[in-house]
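*Asks:* Before I ask anything, let me first share the structure, which is written out below as structure tokens.
The values are calculated or read from the model by the stated rules, or taken from the named source; none is laboratory data. This is a predicted model, so every value here is computed, not measured. When we count neighbours, we look across all protein chains shown, and the Cβ atoms used for this are built from the backbone with ideal geometry, even at glycine. In case anyone asks, the SASA skips ligands and DNA or RNA and just uses the protein heavy atoms, side chains included. Shrake-Rupley method; radii C 1.70, N 1.55, O 1.52, S 1.80 Å.
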Amino acid sequence: MSIISTDIQKAISLLENEKLVAIPTETVYGLAGNIFSEKAIQQIFTTKKRPHFNPLIVHIHSLEALKSIVSYVPEKAKKLAEAFWPGSLTLVLPKKNTIPDLITAGKNTVAVRVPNHPLTLELLKQLPFPLAAPSANPFNSISPTKAIHVAHYFGDKIDLILDGGSCKNGIESTIVGFENEEAVIYRLGALSVENIEKIIGKVTLKNTKEENPEAPGMLLKHYAPKTKTILTDNILEEIKKFQGKKIGVLAFQNEVISDGIFENIILSKTGNLEEAGTNLYDSLHQLDSLELDVIIAEKLPEIGLGNSVNDRLQRAAFQI
Ligand code: AMP
Ligand code: MG
């Protein structure tokens with residue numbers, strides 16, 4: 001039997017036995033384990049080859065369940081949770097003593113969210129513990145937005161991938177922390193800054209490692225294809241530099257016409273930024289499988305989810 005299945009009961013039984021299960025969410029697929037099982041959590045770090053300094057996001061089934069995870073909820077955090085949960089918003093809040101250090105990399109805060117996917121919400125409701133679930137990909141590689149992406153990465157390492165179809169948002173959650181009661185964005189993501197500001201007013205952005213040593217996961221090189229990747233506002237100019245090479249183009253809205261393009265993927269023909277976000281990682285997976293010499297990606301307009309997609313592409317393109 002394939003390890004890709006929709007069998008929630010099997011997922012419950014594996015998770016109760018301290019095993020890992022890949023779960024669908026509306027952002028990307030997660031590699032999930034019981035937050036209170038040291039064995040399961042160590043297994044998450046080992047399977048992903050994730051460094052222990054990079055803390056995990058705790059997944060719960062409702063705002064009600066937040067009480068058991070955090071010791072304090074600022075007023076603005078409450079407003080955001082009420083507005084966006086279940087959804088692509090992760091809150092970083094002071095943790096309860098019961099939350100293991102392994103989850104938070106020894107920090108006194110914990111990252112937590114309620115994912116918006118019916119299968120995973122049902123799973124969380126039936127389980128007697130929350131799930132830690134970082135993206136189900138090896139550290140630094142392209143995040144998975146389909147069950148088959150997870151199978152390619154970890155097919156021989158995990159017992160079950162719960163199949164929830166393609167991820168609706170396709171890009172990680174937006175992470176919001178609080179400093180003196182004020183909201184600070186630690187990671188751009190599937191919930192736009194503009195939508196957050198509609199609820200609580202102006203927020204500060206600290207989404208690079210330099211600005212925010214508090215979020216150790218914000219590495220300059222991340223979400224990266226194996227193929228060399230370049231991010232540009234001028235695709236044709238970049239193509240000229242790679243004459244005679246096998247070039248893949250990731251364009252926002254319009255097809256790029258030029259010699260030498262082996263494959264051209266368009267993120268959204270209607271210029272819809274949400275749709276571009278949804279298609280981002282699947283497009284990168286496709287391009288990365290073509291043995292290209294280079295992927296040339298076009299910068300998106302710097303509004304709404306355009307900023308989140310640009311953030312991921314910048315990290316994918318970062319040269320060490
Ligand atoms: P992933 O689970 O792969 O989407 O990555 C989780 C992200 O959440 C990483 O960038 C972490 O650095 C960030 N994160 C988790 N816990 C905390 C925390 N307590 N404070 C700040 N950032 C956190
Ligand atoms: Mg990740």
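*Asks:* To the nearest 20 debye, what is the magnitude of the charge dipole of the chain about its Cα centre, counting +1 on the Cβ of each Lys and Arg and -1 on the Cβ of each Asp and Glu?
*Replies:* 620 debye
*Asks:* If we count every other residue with Cβ under 11 angstrom of Lys226's Cβ, Lys/Arg +1 and Asp/Glu -1, where does the sum land?
*Replies:* Net local charge, Lys226 excluded: -1.
*Asks:* Applying the Karplus parametrisation 6.51 cos²θ - 1.76 cosθ + 1.60 with θ = phi - 60° to the phi angles of segment 52-66, what ³J(HN,Hα) value in whole Hz is obtained for each residue in order, glycine and proline being reported as x?
*Replies:* Values per residue, Gly and Pro as x: 5, 6, 9, x, 9, 8, 8, 9, 10, 8, 6, 4, 3, 6, 4 Hz.
*Asks:* Continuing with the same structure: I'd like to check one number: the per residue accessible area of segment 53-212, probe 1.4 Å, reported in Å² as a whole number.
*Replies:* On the way: 6440 Å² over 160 residues.
Value for segment 53-212: 40 Å² per residue.
*Asks:* Using the 2.2 N^0.38 Å rule of thumb for compact globular proteins, work out how the chain stacks up: its C-alpha Rg over that value, please. It would help to have the intermediate numbers written out before the result.
*Replies:* Numbers: Rg = 19.3 Å, N = 320, 2.2 N^0.38 = 19.7 Å.
Here the answer is 0.98, to two decimals.
*Asks:* How long is the gain from Leu236 to Phe36 if the chain were fully straight, where each residue apart is worth 0.36 nm and the alpha carbon distance is subtracted?
*Replies:* Details: separation 200, 0.36 × 200 = 72.00 nm, distance 5.19 nm.
66.8 nm is the gain from fully extending Leu236 to Phe36.
*Asks:* Let me ask you something else. Can you tell me how much longer the chain between Gln286 and Lys198 gets when fully stretched, taken as 0.36 nm per residue apart minus their C-alpha distance, in nm with one decimal? If you can, show how the numbers build up before the last one.
*Replies:* Working: separation 88, 0.36 × 88 = 31.68 nm, distance 3.57 nm.
28.1 nm is the gain from fully extending Gln286 to Lys198.
*Asks:* At 1.4 Å probe size, with no ligands or nucleic acids counted, give the accessible surface of Ser135 in Å², nearest ten.
*Replies:* Rounded to the nearest 10, the figure is 30 Å².
*Asks:* Any idea how far apart Asn97 and Glu64 come out in nm if each label point goes 7 Å out from Cα toward Cβ?
*Replies:* Those two pseudo-labels are separated by 2.7 nm.
*Asks:* Is the shape of segment 8-52 rounded, prolate or oblate, going by the alpha carbon gyration tensor and its root eigenvalues a ≥ b ≥ c, with a/c under 1.5 for rounded and a/b larger than b/c for prolate?
*Replies:* Here segment 8-52 falls in the oblate category.
*Asks:* While we're looking at this one, here's another question. Give the residues of segment 284-319 whose amide nitrogen is closer than 18 Å to a point set 7 Å from the Cα of Lys209 in the direction of its Cβ.
*Replies:* Within reach of a label on Lys209: 311-319.
*Asks:* Using a 1.4 Å probe over the heavy atoms of the protein chains, calculate the carbon and sulfur portion of the accessible area of the chain as a whole percent.
*Replies:* Percent of accessible area from carbon and sulfur atoms in the chain: 51.
*Asks:* Still on this structure, please answer the following. Treat each spin label as a single point 7 Å out from the Cα along the C-beta direction, and report the Lys299 to Ala105 distance in nm.
*Replies:* About 2.8 nm separates the two model spin labels.
*Asks:* Taking the DSSP beta bridges in the chain as the whole, what percent of them are antiparallel, to the nearest 5?
*Replies:* For the chain, the DSSP antiparallel bridge percentage is about 40.
*Asks:* How far apart, in nm, are two points set 7 Å out from the Cα along the Cα-to-Cβ line at Lys221 and at Phe139?
*Replies:* Taking the two extended label points, one gets 1.3 nm.
*Asks:* Something else: Quickly estimate the mean residue ellipticity at 222 nm for the chain, helices only: each DSSP H run with n ≥ 4 gives -39500 (n - 2.57), and the total goes over all residues, rounded to 500.
*Replies:* -8500 deg cm²/dmol
*Asks:* Sort 108-117, 80-89, 47-56 for me by packing, meaning the mean count of neighbouring Cβ atoms within 10 Å per residue, highest on top.
*Replies:* On the way: 108-117: 22.3, 80-89: 20.2, 47-56: 17.3.
My ranking of the peptides, most packed first, is 108-117, 80-89, 47-56.
*Asks:* Once the other residues with Cβ under 13 Å from the Cβ of Gln319 are scored (Lys, Arg +1; Asp, Glu -1), what is the net sum?
*Replies:* Result for the neighbourhood of Gln319: +3.
*Asks:* Using +1 on the beta carbon of Lys and Arg, -1 on that of Asp and Glu, and nothing else charged, what's the dipole of segment 22-162 about the Cα centre, debye to 20? Before the final figure, lay out the partial values.
*Replies:* Numbers: 15 positive and 9 negative charges, 64 e Å.
Result for segment 22-162 is approximately 300 debye, rounded to the nearest 20.
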